[in-house]
1. Go over the candidates Ala296, Ala328, Ala286 one by one and state the one that is crowded, with 18+ Cβ neighbours inside 10 Å and either within 39 Å of the chain's Cα centre (by Cα) or closer than 30 Å to Phe138 by Cα (or both).
2. When the residues of the stretch 127-142 are narrowed to those that are among the polar types (S, T, N, Q) and under 23 Å from Ser102 (Cα atoms), which ends up surrounded by the most Cβ atoms within 10 Å (Cβ to Cβ)?
3. For residues that are among the β-branched types (Val, Ile, Thr) and under 14 Å from Val315 (Cβ atoms), scanning just the stretch 189-218, find the one that is surrounded by the fewest Cβ atoms within 10 Å (Cβ to Cβ).
4. Which residues, taken from the stretch 103-129, are under 26 Å from Arg141 (Cβ atoms), of a type in the set (Ser, Thr, Tyr) and in contact with a Phe, Trp or Tyr (Cβ under 7 Å, 6 or more places away or on another chain)?
5. Given the criterion more than 30 Å from Ala286 (Cα to Cα), out of contact with any Cys (no Cβ under 9 Å at 6 or more places or on another chain) and hydrophobic (A, V, I, L, M, F, W, C), identify the matching residue among Ala273, Ala245, Ala235, Ala231.
6. Condition first: surrounded by 15 or more Cβ atoms within 10 Å (Cβ to Cβ), free of Cβ contacts under 8 Å to residues at least 40 places away in the same chain and over 13 Å from Leu90 (Cα atoms). Now tell me which residues in the stretch 110-126 satisfy that.
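Coordinate-derived values only; no laboratory data. This is a predicted model, so every value here is computed, not measured. Cβ placement follows ideal geometry from the backbone for every residue including glycine, while neighbour counts extend to all protein chains displayed.
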Amino acid sequence: MRIPNWVLASALAAVVALGSGSSFAGKGIIDGLTSGGGGGGGGRKPPTAAPAPKPVAPKPTPAPSPANCAIINTATTSAGYSGVNATITLSYTIADKCATPSTWTVSVIDSSGATRHTESSTTDSVSVGSVTASSLEFSARYSVSLTVTSSTGTQLAKSSLNVSTKKARDFLAAALQDLNNANNLYLTAAATTADADTAASNAAAHAVYANEVAAWAAGTADAAATAATDAANAAAFADTTATTAADAATAAPDDADLAAASAAAATDAVVAANASATAATDAAQAATYATETAQAATTADSAAATAANAAADAVAAAAAAQSALDAAQAVYDGLAAIA
């Protein structure tokens, strides 16, 4: 059967009015109009729509740091020298208020575009410091940049400076002053070494003498102790003899010889007792002296060891001063050669 044109036009207008969201329904209308007449019996069931996939929560992305959360407050350069090379020092102050610490990077680039020095570190809330690039050429021009980047790599701030290193001869006076200072330090260290050696030698000699005195005092104390023991034994024997003579004189009161012997024995006993007391006093004094001299020897040994260590330290300091002097001389000679 032929479909009149006005029917097709009406169907097309309906499709347009439904819009893109109803494309499936519009297509059905046209299919129904253009399909063969057939009896419209049961018709086909519309296909079952597939279940929608379960939504997945998107991964959170870190919020970018504001472009002005880190600011370079100051960035200045100065030129100097180290050895026979020029140096550039960049001093900086960075204020960082970013949510996460940023990173500062210093780069020194020469006129040919080669990077001669680079250094980086994380920032604090207020980062103040300096970076020195060494091993540079004199009378050369360099570009020095300070860049601050966020934790995600976004550039937050940058400062670029151009600086020229000085001529080698500009540092000759400073190098000569360094050489003079190094020489004075060496002379002082050498004099200190000589004094320390003398002090160590004297302390060692004193320790030897103190130990000799202590040894003599110890021997004297031993001899005095022996003499005191002998005197005590002699006094005891004299007491026994006096007692025996007194007993004999008592038993024979009419014997003048026994009486005289008793009196003599008593006198000898007194003398022996006095000698024993004196020997005991001498022994005690000798023992005290031996103790004192032993302590003095110990003190002298300690002083000698301290003086020896001081002398060793002085020798090491003098060697270091000599090395510093040699280095200062080499720097001055090197600068003078290229000035």
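1. Numbers: Ala296 fails: either within 39 Å of the chain's Cα centre (by Cα) or closer than 30 Å to Phe138 by Cα (or both); Ala286 fails: either within 39 Å of the chain's Cα centre (by Cα) or closer than 30 Å to Phe138 by Cα (or both).
Of the residues listed, the single one that is crowded, with 18+ Cβ neighbours inside 10 Å and either within 39 Å of the chain's Cα centre (by Cα) or closer than 30 Å to Phe138 by Cα (or both) is Ala328.
2. Taking the stretch 127-142 first, the residues among the polar types (S, T, N, Q) are 127, 130, 132, 134-135, 139.
Filter once more, so that each one left must be under 23 Å from Ser102 (Cα atoms): 127, 130, 132.
Working: Ser127: 20, Ser130: 12, Thr132: 16.
In this case the residue turns out to be Ser127.
3. Keep residues of the stretch 189-218 that are among the β-branched types (Val, Ile, Thr), which gives 192-193, 198, 208, 213.
Retained after the next criterion (residues that are under 14 Å from Val315 (Cβ atoms)): 192-193, 198.
Working: Thr192: 18, Thr193: 21, Thr198: 12.
Among those that are among the β-branched types (Val, Ile, Thr) and under 14 Å from Val315 (Cβ atoms), it is Thr198.
4. From the stretch 103-129, those under 26 Å from Arg141 (Cβ atoms) are 104-120, 129; that's our starting set.
Narrowing the set further to residues that are of a type in the set (Ser, Thr, Tyr) leaves 105, 107, 111-112, 115, 118, 120.
The one that is under 26 Å from Arg141 (Cβ atoms), of a type in the set (Ser, Thr, Tyr) and in contact with a Phe, Trp or Tyr (Cβ under 7 Å, 6 or more places away or on another chain): Ser120.
5. Values: Ala273 fails: more than 30 Å from Ala286 (Cα to Cα); Ala235 fails: more than 30 Å from Ala286 (Cα to Cα); Ala231 fails: more than 30 Å from Ala286 (Cα to Cα).
Result of the check over Ala273, Ala245, Ala235, Ala231: Ala245.
6. Going through the stretch 110-126, the residues surrounded by 15 or more Cβ atoms within 10 Å (Cβ to Cβ) turn out to be 110, 116-117, 123.
Narrowing the set further to residues that are free of Cβ contacts under 8 Å to residues at least 40 places away in the same chain leaves 110, 116-117.
Residues satisfying the conditions are Asp110, Arg116.
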